[in-house]
Structures are given as C-alpha cells and as structure tokens.
1. Among all residue pairs at least 6 apart or on different chains, which show Cβ distances below 8 Å where the first residue, located in region 183-202, is assigned to a strand (DSSP E or B) and the second is surrounded by fewer than 17 Cβ atoms within 10 Å (Cβ to Cβ) and among the small types (Gly, Ala, Ser)?
2. Tell me which of these Pro167 doesn't satisfy, since it passes every other one: (1) within 22 Å of Gly37 (Cβ to Cβ); (2) at pLDDT 90 or above; (3) not small (Gly, Ala, Ser).
3. Within the set of pairs 6+ apart or on separate chains, which have a first residue in region 1-21 that is on the phi < 0 side of the Ramachandran plot, a second that is of a type in the set (Lys, Arg) and modelled with pLDDT under 85, and C-beta atoms under 7 Å apart?
4. Evaluate the following for Phe61: is it of a type in the set (A, V, I, L, M, F, W, C), at pLDDT below 95 and either more than 30 Å from Leu195 (Cβ to Cβ) or more than 14 Å from the chain's Cα centre (by Cα) (or both)?
5. Inspect all residues belonging to region 42-53 and state whether any of them is surrounded by 11 or more Cβ atoms within 10 Å (Cβ to Cβ) and touching a residue at least 60 places away in the same chain (Cβ under 8 Å).
6. Given region 62-164, what strands (runs of 3 or more DSSP E) lie entirely inside it while holding 3 or more residues that are touching a residue at least 40 places away in the same chain (Cβ under 8 Å) and in contact with a His (Cβ under 9 Å, 6 or more places away or on another chain)?
7. Within region 180-190, is there a residue that is in contact with a Leu (Cβ under 6 Å, 6 or more places away or on another chain) and not aliphatic (A, V, I, L, M)?
8. Considering only residues that are crowded, with 19+ Cβ neighbours inside 10 Å and either part of a loop (DSSP other than H, G, I, E, B) or in contact with a Cys (Cβ under 6 Å, 6 or more places away or on another chain) (or both), which ones fall in region 11-35?
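The values are calculated or read from the model by the stated rules, or taken from the named source; none is laboratory data. These numbers come from a predicted model, not from an experiment. Here the Cβ positions follow ideal geometry from the backbone for every residue, glycine too, while neighbour counts run over all protein chains shown.
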Amino acid sequence: MQTFQEWLDEARVMILPIKKIEKMGMLDKLPPEAEHGAYLDADKFDFRNPNFDEAILNGKFFANGSIGAGYTDSEGKKIPPQFHAHKPAKKISSLAELKKPGKVLIKVNMITNLKETSNKWKLLDPPKLERNYYQITSIATSKEHFFCLNLVFNTPFLLANYPGGEPRSRPTTYGIINFGNEAAKILLNGRIRPLYESITIN
C-alpha cells in the first residue's frame, strides 16, 4: 500500500475520507490501496462519472508541496484546502528512507470547525485574518500537535493511509518543524493553542 508506484510532475490533491466515500455509495469502486480513504488527483476525478483508477494517488511520494487552509469567501461559498504536490528529485520506496538524525515522524491532517464534525476548533478573540477560515492544518508528532493556516513541505512526503481511528488519510514524512508567526489562538478539546500563519517542514 505505501510503496513507490509512479512519478507525477505535479498534482492538486483531494482527500476523500472513507465515510464520505461510503455516503456517496462508491465503496465498491475503490482500489485496494484506497480501502481506508482516497487521495485523488483533483484534475482527473469527476464526481459525475467517478473513476478511481485514473485519479488515485494513494501510496505515492512527492518531493515537496503545500497545503492552504479552507475558507469561506465573501459570497458564502466554501473553498476547500488547496493541497499541491510536486515531483520528487529521486525515487523513494519507503518512509524509512526519509528517517535522518534530528528528524521526527510527522503526520498531517486537516480539521474543521463545522457543526457536523466532532473535532471542532474555535477561533479565540479573532484578529483580522485575511480570510474566514473553516479548515486548518494539524501537524502531529509522537509528542505534540501544532496548527497552521499554511503548511509547506520542503522534504519528501508520502500520501499515507492508516487503518483504524480517524482520520485515516494522513500525509506523512520525517522532518524538522519550523514555525512562522502566530496568526491567532484557537480552542480545541478544552485547550488553548497557537494557530500559526505558516509551518515549514524541512
């Protein structure tokens, strides 16, 4: 599942959680590597005529990339997170190849403050942010979670899936976390946390 498959120059990545795929009645169309959720090439997947085989990105490595937070525009339309992935400089076949001295295992997830989700966050004393954000990015190590509006991968990463628990689709890498300026504070699970304008993983 988490092995080298093929290289792409660039992709706009869309993540479909397994619960959403089930709700859409498309579980039977999933390839085996996407049984816990699908990473899709947004330019190749058509909801009107879904074809996972052409669009699936699960298990692929990319050299670098970025994730921008989801927001609601001035007309009330929800703009989903913008996840861009770029071609690696060399072939990588396993996460172990990314493990280097001083680097920690990092798993990435997007979390929302929408009413229908259980993992909600609340913006405290909202400053004048650039946009009305509803979905931010969470960066998890074995010891801590960090949150940001913009995430930059300056190191190769894997579009990985994990059985059990939620979320199951979590881009994963080994790296060093570098923080930008604090943009605001959020309340999540009863704890006040900083929300950074950007986080870079090197």
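1. Filtered contacts from region 183-202: Tyr196/Gly180; Glu197/Gly180; Ser198/Gly180; Ile199/Gly180; Thr200/Gly180.
2. (2)
3. Phe4/Lys91; Trp7/Lys87; Leu8/Lys87; Asp9/Lys87; Glu10/Lys87
4. no
5. The answer is no; no qualifying residue exists.
6. On the way: elements: 64-68, 70-72, 82-86, 104-112, 121-124, 132-140, 145-153.
Counting at least 3 such residues, we get 64-68.
7. Filtering region 180-190 for residues in contact with a Leu (Cβ under 6 Å, 6 or more places away or on another chain) gives 183-187.
Then drop every residue that is not not aliphatic (A, V, I, L, M), which leaves 185.
Yes; the residues of region 180-190 include at least one that is in contact with a Leu (Cβ under 6 Å, 6 or more places away or on another chain) and not aliphatic (A, V, I, L, M).
8. Selection gives Leu30 alone.
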